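Peer 1: First the structure, then my questions, so here it is.
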Amino acid sequence: MMTIDFHVHSRFSFDCFLEPAKIIDLARRHRIDGLAITDHDTIAGVEEFRRLAPDLYIITGQEISTRYGDILGLFLRHAVDAHDDIGRILEGIHTQGGLAVLAHPFKWPHLARADDFLRQFDAIEMFNARNNIPLPRLENHLAWRAVKRSGLAWVCGSDTHEGFEMGCGATVFDFSLSEASDERIKEAILKKGVRMFGREVPLIPEIISHFSRNLRSRRS
């Protein structure tokens, strides 16, 4: 069995102040076998993670900002430019063999999504541990319903920006770390051969964290 958190931020994101070494230590404590490093609009931190954590499966990712919602590019070789042309973003991910995942698909204010829009992506993020503002469980429930209704492929992640969030959401595979490869992981996702591990971060700490990080970002 292998557990991967497909949504992790570090100090290379504008709204996160966690050092890679701290994230790696937390992942080991929570017995997370792999991390997709998905900093906002950059892949600059991935090599540092690989250097510090040869025992973990590190996936090159990026959270790409668009006005239609954020897109996780996974298994990238180079960064994808952020803009609002989703077709070009998907092409930019797919031409390098990556997977395009719609992050927190029902995050406020996108509480309604057409199935045709969701089907553009290789998968959606069915569970995000930080999807609890403004209402706990609502956004994750809507994502779960979309998967059940439309048969979408899916992944889960913690969306870690703070240390207490690590270990709260991940995707479980039926093979071990020693048996893993990019192609095997991608195949399991696309064939829906994965399982979910997750619990939402408590609402009050998340609200405090949200405002604290925004304040620190403005001061930096």
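Peer 1: Only helical DSSP H runs with n ≥ 4 go in: add -39500 (n - 2.57) per run for the chain, normalise by residue count and round the 222 nm mean residue ellipticity to 500 deg cm²/dmol.
Peer 2: -9000 deg cm²/dmol
Peer 1: Ok, one more. Going by how many other beta carbons lie within 10 Å of each one, how would you line up TYR57, TYR68, fewest first?
Peer 2: Numbers: TYR57 19, TYR68 12.
Arranged by neighbour count, lowest to highest, TYR57, TYR68 become TYR68, TYR57.
Peer 1: Quick check: net charge around ALA123, other residues with Cβ under 13 Å of its Cβ, Lys/Arg +1 and Asp/Glu -1?
Peer 2: Every neighbour counted, the sum reads +1.
Peer 1: Using Cβ counts within 10 Å as a stand-in for footprinting exposure, how do TRP154, TRP108, TRP144 rank, fewest first?
Peer 2: With the sparsest Cβ surroundings first, the list reads TRP108, TRP144, TRP154.
Peer 1: Taking the Cβ of SER65 as the centre, find all other residues whose Cβ is under 11 Å away and add up their charges (Lys, Arg: +1; Asp, Glu: -1).
Peer 2: Value of the local net charge: -4.
Peer 1: I would also like to ask the following. So what are the ³J(HN,Hα) numbers for segment 7-15, from phi and the Karplus equation (6.51, -1.76, 1.60; θ = phi - 60°), rounded to whole Hz, Gly and Pro as x?
Peer 2: 8, 10, 10, 9, 4, 7, 9, 5, 10
Peer 1: To the nearest 20 debye, what charge dipole does the chain have about its Cα centre, counting +1 at the Cβ of each Lys and Arg and -1 at the Cβ of each Asp and Glu?
Peer 2: Computed charge dipole of the chain: roughly 540 debye.
Peer 1: Quick check: residue separation of SER178 and PHE14 times 0.36 nm, minus the Cα distance between them. What number comes out in nm?
Peer 2: Roughly 55.7 nm would be gained on extension.
Peer 1: Convex hull volume of the Cα atoms in the chain, per residue, in Å³?
Peer 2: 111 Å³
Peer 1: Follow-up question, since we're still on this one. Mind sorting THR42, THR3, THR171, THR60 by how few other Cβ atoms lie within 10 Å of their own Cβ, fewest first?
Peer 2: On the way: THR42 17, THR3 20, THR171 28, THR60 23.
Taking fewest neighbouring Cβ atoms as first place, the list is THR42, THR3, THR60, THR171.
Peer 1: What does the extension gain come out to for ASP84 and LEU52, with contour length at 0.36 nm per residue minus their alpha carbon separation?
Peer 2: This chain segment gains 8.1 nm when fully extended.
Peer 1: Taking amide H positions as placed 1.01 Å from N in the peptide plane, with prolines and chain starts having none, which residues 5 or more places from TYR57, or on another chain, fall under 5 Å of its amide H?
Peer 2: GLY34, LEU35
Every read-out reported here was derived from the displayed coordinates using simple, explicitly stated rules and does not represent laboratory data. These numbers were taken from a predicted model, which means no experiment stands behind them. Positions of Cβ are backbone-derived with ideal geometry, glycine not excepted, and every protein chain shown enters the neighbour counts.
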